[in-house]
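*Asks:* Sending over a structure as structure tokens; questions will come in a sec.
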Amino acid sequence: MAADPFRYPRPLICDPATPGAWPLAGGWARFAHVALLSRQGAPRVVPASDLPEEVLTRLTAPRAPLAGLPLDRPRIMGILNLTPDSFSDGGKFLAPEAALAHARAMAEAGADILDLGGESTRPGAATVPVDEEIARTAPVIGALADLAVPVSIDTRKAAVARAAIRAGAKIVNDVSGLAHDPAMADEIAALGVPAVLMHSQGDPATMHFDPRYDDVVLDVYDALEGILARAGAAGVPREHLVADIGIGFGKTQAHNLALLRDLPLFHALGVPLLLGVSRKRFIGVIGHAQEPADRMPGSVALALRAAAEGVHILRVHDVAETAQAFALWQAAGGPIHGDRETR
Ligand code: HH2
């Protein structure tokens, strides 16, 4: 069977004032052309209006609000690791008072969502027993119940997700993309909450050994499509799903950069996109910053670039710095609100 030429349409982001430009994922970024990526050869650039209607609709349709949060501008997800061993902030927020203070400080600094995790998934990390992960996360989530911003639970385990949602979390963030815990898809469906489903090749313990792909961009796209379909089959409504390419999870630096170069392709999945690059290792390598805490400028640069490409949620350690970058970008005419309608 001949390959579908419209299977991998990568929008080419353009100035919002471009005549005939379409809104990307219902948001602020615009595109008028797409590069049709293919496993067979070089991409072919065509006007967006040449796309089959179903493909164009997937690329342009507004995305549903996430846990009540409208995705009409780039949103900041602040990271709170309640772990002794996370690669950047491990051990800093283990004490509940420190965790709560940091959560409130991030909300104050402009976080739209807080992502709490009780298990590091850095390369080489060991798994944490379910009871311990719940003991690290649920009480802190309960203590943040008065906070206006929704909390997400960063876990690969159904029981931890359940305990977190019961304690007041509103979103599940599964870095294994339903692969770690066979009960996760049914649990998310039963809880009736939205979920971020991330692509990962292999387990954190081994994923960094020798990750291989035929074509990393297209392989990750196909895998995410499969993950979203699995969630759908378990009964999770499409409006509850967010996709994430999983930077650094079973990917080399070359894989990470290839994925970032073709990031707009992933809007063709038809769901909101989340990106987590904050302080990750390749930023330190390219940006000559050995210490994770010194990788803020590179992290902000990538967050801005992704936001300009219509990515809806940026998962970051440096909330105030990212919020300031977004504010200045917007003040200088960045198309955050998509107010220069061309259609
Ligand atoms: N990255 C990390 C953890 N959770 N979730 C999503 N959706 N996307 C990501 O890229 C992502 C994630 C790893 O970063 P961090 O939480 O800072 O470190 P650790 O896993 O060591 O706790």
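*Asks:* Any residue in region 206-215 that is at pLDDT 95 or above and on the phi > 0 side of the Ramachandran plot?
*Replies:* Checked region 206-215: no residue is at pLDDT 95 or above and on the phi > 0 side of the Ramachandran plot.
*Asks:* Right, Thr137: of a type in the set (S, T, N, Q) and buried (at least 24 other Cβ atoms within 10 Å of the Cβ) or not?
*Replies:* In short, yes.
*Asks:* Among the numbered criteria (1) within 15 Å of the ligand (Cβ to nearest atom); (2) part of a loop (DSSP other than H, G, I, E, B); (3) closer than 26 Å to Gln40 by Cβ, which one does Val220 miss?
*Replies:* Of (1) within 15 Å of the ligand (Cβ to nearest atom); (2) part of a loop (DSSP other than H, G, I, E, B); (3) closer than 26 Å to Gln40 by Cβ, only one is false for Val220: (2).
*Asks:* Give me the pairs: first residue in region 215-240 and surrounded by fewer than 16 Cβ atoms within 10 Å (Cβ to Cβ), second residue of a type in the set (Phe, Trp, Tyr), beta-carbon distance under 6 Å, and six or more apart or on different chains, which are they?
*Replies:* No pair meets every condition.
*Asks:* Taking Ser278 as the residue in question, decide whether it is within 13 Å of the ligand (Cβ to nearest atom), buried (at least 20 other Cβ atoms within 10 Å of the Cβ), without any contact (Cβ under 8 Å) to a residue 24 or more places away in the chain and of a type outside the set (Lys, Arg).
*Replies:* Judged against the criteria, Ser278 is not a match.
*Asks:* Checking the structure you have, find out if any residue of region 235-244 is within 12 Å of the ligand (Cβ to nearest atom) and either modelled with pLDDT under 95 or among the acidic types (Asp, Glu) (or both).
*Replies:* Yes, region 235-244 contains at least one residue that is within 12 Å of the ligand (Cβ to nearest atom) and either modelled with pLDDT under 95 or among the acidic types (Asp, Glu) (or both).
*Asks:* Out of curiosity, is Ala231 more than 24 Å from His208 (Cβ to Cβ) and assigned to a helix (DSSP H, G or I)?
*Replies:* yes
*Asks:* On to the next question. Name the pairs: first residue in region 317-328 and of a type in the set (Val, Ile, Thr), second residue surrounded by fewer than 19 Cβ atoms within 10 Å (Cβ to Cβ), Cβ to Cβ under 7 Å, at least 6 apart or on different chains?
*Replies:* Val319/Ala109; Val319/Gly110
*Asks:* While we're looking at this one, here's another question. Met77 is checked against (1) at pLDDT 95 or above; (2) assigned to a loop (DSSP other than H, G, I, E, B) and fails just one. What number does that condition carry?
*Replies:* It fails just one condition, (2).
*Asks:* Under 6 Å between Cβ atoms, which residue pairs at least 6 apart in sequence (or on different chains) link something in region 68-81 that is among the basic types (Lys, Arg) with a partner that is near the ligand (Cβ under 9 Å from one of its atoms)?
*Replies:* Sorted first by the residue in region 68-81, then by its partner, the pairs are Arg75/Ile313.
*Asks:* Then there is this: Being surrounded by fewer than 22 Cβ atoms within 10 Å (Cβ to Cβ), β-branched (Val, Ile, Thr) and away from the ligand (no atom under 16 Å from the Cβ), is that true of even one residue in region 118-132?
*Replies:* Yes; the residues of region 118-132 include at least one that is surrounded by fewer than 22 Cβ atoms within 10 Å (Cβ to Cβ), β-branched (Val, Ile, Thr) and away from the ligand (no atom under 16 Å from the Cβ).
*Asks:* For Ala185, indicate whether it is surrounded by 16 or more Cβ atoms within 10 Å (Cβ to Cβ), more than 14 Å from the ligand (Cβ to nearest atom) and in contact (Cβ under 8 Å) with a residue 24 or more places away in the chain.
*Replies:* Yes: the conditions hold for Ala185.
*Asks:* Also, I was wondering about something else. For region 252-268, name all the residues that are in a helix (DSSP H, G or I) and surrounded by fewer than 20 Cβ atoms within 10 Å (Cβ to Cβ).
*Replies:* Once the filter is applied, which keeps residues that are in a helix (DSSP H, G or I) and surrounded by fewer than 20 Cβ atoms within 10 Å (Cβ to Cβ), region 252-268 yields Gln253, Ala254, Leu257, Ala258, Leu260, Arg261.
*Asks:* Considering only region 296-311, I want to know if a residue exists there that is buried (at least 19 other Cβ atoms within 10 Å of the Cβ), touching a strand residue (DSSP E or B) at 6+ places or on another chain (Cβ under 6 Å) and in a strand (DSSP E or B).
*Replies:* Checked against the condition, which is being buried (at least 19 other Cβ atoms within 10 Å of the Cβ), touching a strand residue (DSSP E or B) at 6+ places or on another chain (Cβ under 6 Å) and in a strand (DSSP E or B), region 296-311 yields no hits at all.
*Asks:* Follow-up. Would you check which residues across region 1-58 are over 26 Å from Asp215 (Cα atoms), more than 24 Å from the chain's Cα centre (by Cα) and at pLDDT 95 or above and list them?
*Replies:* Once the filter is applied, which keeps residues that are over 26 Å from Asp215 (Cα atoms), more than 24 Å from the chain's Cα centre (by Cα) and at pLDDT 95 or above, region 1-58 yields Ala21, Ser49, Glu53.
*Asks:* Can you pull out every residue in region 246-275 that is touching a Lys or Arg at 6+ places or on another chain (Cβ under 9 Å) and near the ligand (Cβ under 8 Å from one of its atoms)?
*Replies:* Ile247, Gly248, Leu274, Leu275
*Asks:* Also: When you check Val55 against the structure, is it outside any strand (DSSP E or B), surrounded by 15 or more Cβ atoms within 10 Å (Cβ to Cβ) and touching a helix residue (DSSP H, G or I) at 6+ places or on another chain (Cβ under 8 Å), yes or no?
*Replies:* So Val55 fits the description; yes.
*Asks:* Still on this structure: What number of residues within region 64-96 satisfy the criterion of being surrounded by fewer than 21 Cβ atoms within 10 Å (Cβ to Cβ) and either more than 16 Å from the ligand (Cβ to nearest atom) or small (Gly, Ala, Ser) (or both)?
*Replies:* Count: 12.
*Asks:* Of all residues being touching a residue at least 40 places away in the same chain (Cβ under 8 Å) and β-branched (Val, Ile, Thr) in region 157-178, which is farthest from the ligand (Cβ to nearest atom)? Just the residue, please.
*Replies:* Val160
*Asks:* Can you tell me which residue is farthest from Leu191 (Cα to Cα) among those in region 140-167 that are surrounded by 20 or more Cβ atoms within 10 Å (Cβ to Cβ) and among the basic types (Lys, Arg)?
*Replies:* The extreme case among them is Arg156.
The values are calculated or read from the model by the stated rules, or taken from the named source; none is laboratory data. Quick caveat, the model's predicted, so the values are computed rather than measured. With ideal geometry, Cβ positions are generated from the backbone for all residues, glycine too; neighbour counts draw on all protein chains shown.
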